[in-house]
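The values are calculated or read from the model by the stated rules, or taken from the named source; none is laboratory data. Note that the structure is predicted; figures quoted are calculated from it, not measured. Here the Cβ positions follow ideal geometry from the backbone for every residue, glycine too, while neighbour counts run over all protein chains shown.
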Amino acid sequence: MLAATACGSDGGDEDSATAATTEAPAETTAETEAPAETEAPATTAAPTTTTTVPVDETNLQELLLDAQPGDVIDIPAGTFSFEQGLSLTVDGVTIRGAGMDETILSFADQVAGAEGLLVSASDFTIEDLAIEDSIGDALKINEGENIVIRRVRTEWTGGYSTDNGAYGIYPVQATNVLVEESVAIGASDAGIYVGQSNEIVVRNNRAEFNVAGIEIENSFNADVYGNVATDNTGGILIFNLPGLTQQGEGTRVYDNDVFANNTENFGHEGTSVAETPAGSGILVLSNDKVEIFENRISDNRSANVIVASAIVVGLDGGGADPAFDAYPEGVYIHDNEYAGGGDDPDSILRVIKSLFFPDDPLPDIVWDGLVDGDKLVDGEIAPENRICVQEADAEVLNADGSNDFAAAGIDTAAHDCTLESLEPVVLPVL
Amino acid sequence: MRPIHRARPVLAVALAAWILFGCSSSGEPATVAGDAADEAATETTTTQPEPSLLEEELSALAVPVFHATDNPVALSEWGQLAVSDGELVLSDGITPYALNSALFSDYTQKLRTVWLPEGSPPATYDAEESLDFPVGTVITKTFYYPLPEGASATDLRVAKGAAAAETLAEPINLSSVRLVETRILAHRETGWVALPYVWNDEQTEATLSRTGDLVRLTLVDAEENTETQFPYVVPNTNQCSGCHATNHTTKEILPIGPKVRHLNLDVDLGGGLMPQLALWQDLGIVGELPADDEVPKSAAWEDPSIPLNDRARAYLDINCAHCHNKNGPADTSGLFLEYSTQLGPRLGICKPPIAAGTGTGNRRVGIDPGEPDESIFIFRMETADPGAMMPELGRALAHQEGVDLVSEWIESLDGDCG
């Protein structure tokens, strides 16, 4: 039982070689700007050492404590049950299972710990396993650089419920984050949530039955592409909230399939996502420099795309953070494919539809209409701050939120402009 | 449910480590008494000492030791405290200490000690942060419960009650308590390390358990006539740093309690009540102190003669601020609960949550002035759901007295979140 083994043991590299180079095919069409899929990242110079003892529930936490930079902890196929949350604080460690449906870390019996697995470390890779039924968040990574989450499934197996843990895959205050080919199901807040982080790629994942499928919050430079978001309350959310270490900007959302995110909002009142109207496809809240293009967005019953200020949903903190810029600015929406949606909206959008569009669905793109008066130039929104729309046949609703929605109406022409495309995110881990 | 971890009674290894340490401590400010080391060396020739022999051994080993690199398997190898004649006693040179307000840990009582090796310079004074103790310092904290009437330590039934000794100077009578764990903080050249030791049922020895432990206890509250089963969690070493790495970026482990504002009180070390910091100065634990009135003092949260605001802020400071500070692991929340935080959104006033998830309890702001039942603070303090409660670590029970205090304080606050 003395498992001082993950460190210092030698050999056993053949397993890691197999798993590390496995390449899951992307579900969606290859995107021209997407960097080519590469082999497993070599994020540390240290030679990798793979666990040679059988890893199971009795020794995994000890192996995590004793891990050395460069170690690979291989967890075989099987379901492993934990009463307490697990944690890792050693840099340069890889945790690897035998597949997201084969290696299952189950927290159904958990009595202590606010997460399934809590990581505070850099150069961290986790791949090919599932984390199920944690009391709180499934996988939280709090501060670190070069974080790779690959083919990880986080799921609450009893279906969507307010009693489920908040976040599935949850890197926060991290730099260089890659989340790919993963699956997040049933989170009572966000399935994949990257918060207060910089340089992010979230690609080729699947998020379903979460309140927020994929959420980028208060983060700089994120590429979100090739994902499938369906059956969430909101599909893909790009948020800025007040009172945090940083406000973010610079997110590209492209080549995603965002359809039928119509699940009732089962978030906890008081959380920001609890304000998300059920049936939101892509929702931009108070974030700047967001480019949304070449997505397939359909059948989201509130609206396929919503651009709004935190003010309109009461999330601006009442001005307590004077540095907080509550207005979404420099948002460029173009070349997306739309179908359906807007037919059975939630919250205030329901009222707007009944008043102004009793017989028609809401337009594909809804803007709350709030404008930062302090930034107007000669009474006009500065070009770089505009919300520009170039779509073949989608229309834009100005909800007239600054005027209590009194004169909500279609005003697509006001958004007939273009913005410079954003630069792709380049990650050293790719 | 399966236990995650079983303690490993590896006495031979422990004694081997003891000897090893004796050989490798040159240059360190550590002191190993030759006698004790020799006795230990003799001991290794026997394979498995009988329990009775072990008990004798413990008192013989009661000389404080700084382990500069190794992590001894047995707590007794640190020589800070020892079991002797049915009592838990402190070794010569070990100073017990107390805090104005202490972290709530499932109603455990705590025996805290500090030791600086002979010849060490004293810790330098710091008005705000933890005292800057020299390398070689060993701090211990022993968590124990008084026993309910008629119970023995092996029953796993423990009482909500007072400390086992009237003053810091008195030893703890082991027939009246259940020892659970002793945590060591040792200041090495490379920084502080935190090591949890779990006591055996016989209360003769505690064994290093780096993976922590889960002890299923029943808390008996004689006053309320209630019994509550709960999983007492001994933290693993990562969880130790979960609180003690108060700066989450540097991840440096630091003591939390020994800040002057917490230590600024009168204690009885055997000579009647005396100012603790002055005693520490006399004992060479702390160096030059400023004038009395310049030394900050946090409130004793249980002392009703102190203004409510001071007590509540002291409670939040010692229970929350190790994470909720501007560099702490909870800086992601934008909520800062140090003694010095101004009343405002950063302290939670009318502040919406960021990533509270289940922890909101369907309430909209951290503190709704005048409305404790609308405040997330109170929900997260009252709940014992590990996914929703605060603090995230270190308790499985709600601290009713703490909830009452913070509720009363929120009740007293003016304002309106609109």
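Right, B:LEU195: of a type outside the set (D, E, K, R), part of a loop (DSSP other than H, G, I, E, B), within 19 Å of B:THR142 (Cα to Cα) and in contact with a strand residue (DSSP E or B) (Cβ under 8 Å, 6 or more places away or on another chain) or not? Steps first, please.
On the way: of a type outside the set (D, E, K, R): yes; part of a loop (DSSP other than H, G, I, E, B): no; within 19 Å of B:THR142 (Cα to Cα): yes; in contact with a strand residue (DSSP E or B) (Cβ under 8 Å, 6 or more places away or on another chain): yes.
Answer is no for this residue.
Test A:ALA207 against the criterion of being buried (at least 24 other Cβ atoms within 10 Å of the Cβ) and either facing chain B (nearest Cβ under 10 Å) or not in a strand (DSSP E or B) (or both), and give yes or no. Walk me through how you get there before you give the answer.
Working: buried (at least 24 other Cβ atoms within 10 Å of the Cβ): yes; either facing chain B (nearest Cβ under 10 Å) or not in a strand (DSSP E or B) (or both): no.
In short, no.
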Problem - The lone exception for B:SER375 - which of (1) facing chain A (nearest Cβ under 7 Å); (2) surrounded by 24 or more Cβ atoms within 10 Å (Cβ to Cβ) it fails - result: (1)
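Filter the range B:337-362 down to the residues that are part of a helix (DSSP H, G or I) and either hydrophobic (A, V, I, L, M, F, W, C) or surrounded by fewer than 19 Cβ atoms within 10 Å (Cβ to Cβ) (or both) and list them by number.
B:LEU347
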Fill in the blank from the handout: Of the residues in the range B:149-175, those that are part of a loop (DSSP other than H, G, I, E, B) and small (Gly, Ala, Ser) come to B:GLY150, B:ALA151, B:SER152, B:GLY161, B:ALA162, B:ALA163, B:ALA164, B:ALA165, B:ALA169
Handout entry: Condition met for B:GLY387 (more than 13 Å from chain A (Cβ to nearest Cβ) and assigned to a loop (DSSP other than H, G, I, E, B))
Key = no
Exercise for the section: Residue by residue through the range A:210-226, note down the ones that are in a loop (DSSP other than H, G, I, E, B) and either surrounded by fewer than 24 Cβ atoms within 10 Å (Cβ to Cβ) or in contact (Cβ under 8 Å) with a residue 40 or more places away in the chain (or both). Expected result: A:ASN210, A:VAL211, A:GLY226
Completion exercise
Given the conditions (1) over 30 Å from A:VAL90 (Cβ atoms); (2) surrounded by fewer than 23 Cβ atoms within 10 Å (Cβ to Cβ); (3) touching a residue at least 40 places away in the same chain (Cβ under 8 Å); (4) not aliphatic (A, V, I, L, M), every one holds for B:HIS262 apart from (2)
Practice task
Check off (1) closer than 15 Å to A:ALA414 by Cα; (2) buried (at least 20 other Cβ atoms within 10 Å of the Cβ) for A:PRO383 and give me the number that stays unchecked.
Solution key: (2)
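Hey, any hits in the range B:169-178 for a residue that's within 30 Å of B:ASN327 (Cα to Cα) and either modelled with pLDDT of 95 or more or crowded, with 20+ Cβ neighbours inside 10 Å (or both)?
Start the filter on the range B:169-178 by keeping residues that are within 30 Å of B:ASN327 (Cα to Cα), which leaves none.
No, the range B:169-178 has no match at all.
Out of the residues in the range A:97-145 that are within 23 Å of A:TYR160 (Cβ to Cβ) and of a type in the set (S, T, N, Q), which is farthest from the other protein chains (Cβ to nearest Cβ)?
Initially, the range A:97-145 is screened for residues within 23 Å of A:TYR160 (Cβ to Cβ), giving A:100-101, A:104-110, A:113-117, A:129-140.
Those left that are additionally of a type in the set (S, T, N, Q): A:106, A:110, A:134.
Values: A:SER106: 12, A:GLN110: 7, A:SER134: 7 Å.
Applying the filter and picking the extreme gives A:SER106.
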Fill in the blank from the handout: Among strands (runs of 3 or more DSSP E) entirely inside the range A:105-183, those with 2 or more residues being of a type in the set (Gly, Ala, Ser) are A:112-119, A:137-155, A:167-180
Handout entry: Residue satisfying condition, being over 28 Å from B:VAL83 (Cα atoms), within 14 Å of chain A (Cβ to nearest Cβ) and surrounded by fewer than 20 Cβ atoms within 10 Å (Cβ to Cβ), within set B:GLY242, B:GLY191, B:GLY287
Key = B:GLY191
Problem - Qualifying position, being in contact with a strand residue (DSSP E or B) (Cβ under 6 Å, 6 or more places away or on another chain), within 13 Å of chain B (Cβ to nearest Cβ), surrounded by fewer than 24 Cβ atoms within 10 Å (Cβ to Cβ) and over 20 Å from A:ASP133 (Cβ atoms), among A:THR175, A:THR230 - result: A:THR175
Exercise for the section: Among the numbered conditions (1) surrounded by fewer than 24 Cβ atoms within 10 Å (Cβ to Cβ); (2) over 28 Å from A:ASP360 (Cβ atoms), tell me where A:THR251 comes up short. Expected result: (1)
Fill in the blank from the handout: Picked from the range A:184-196 (must be outside any strand (DSSP E or B) and of a type outside the set (S, T, N, Q)), the residue surrounded by the fewest Cβ atoms within 10 Å (Cβ to Cβ) is A:GLY186
Problem - Filter result (in contact with a Lys or Arg (Cβ under 7 Å, 6 or more places away or on another chain) and facing another protein chain (nearest Cβ under 7 Å)) within the range B:337-365 - result: B:PRO345, B:PRO352
Completion exercise
Of those in the range A:88-119 that are within 24 Å of the chain's Cα centre (by Cα), at pLDDT below 95 and among the small types (Gly, Ala, Ser), the residue farthest from A:ASP56 (Cα to Cα) is A:ALA114
Completion exercise
Of those in the range B:390-405 that are assigned to a loop (DSSP other than H, G, I, E, B), more than 8 Å from every other protein chain (Cβ to nearest Cβ) and not aliphatic (A, V, I, L, M), the residue nearest to the chain's Cα centre (by Cα) is B:GLY394
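Based on what the data block shows, is A:GLU155 crowded, with 23+ Cβ neighbours inside 10 Å, more than 10 Å from chain B (Cβ to nearest Cβ) and either in contact (Cβ under 8 Å) with a residue 40 or more places away in the chain or acidic (Asp, Glu) (or both)?
Working: crowded, with 23+ Cβ neighbours inside 10 Å: yes; more than 10 Å from chain B (Cβ to nearest Cβ): yes; either in contact (Cβ under 8 Å) with a residue 40 or more places away in the chain or acidic (Asp, Glu) (or both): yes.
Yes, satisfied.
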Exercise for the section: For the range A:68-94, enumerate the residues that are within 14 Å of another protein chain (Cβ to nearest Cβ), in a strand (DSSP E or B) and crowded, with 21+ Cβ neighbours inside 10 Å. Expected result: A:GLN84, A:GLY85, A:LEU86, A:SER87, A:LEU88
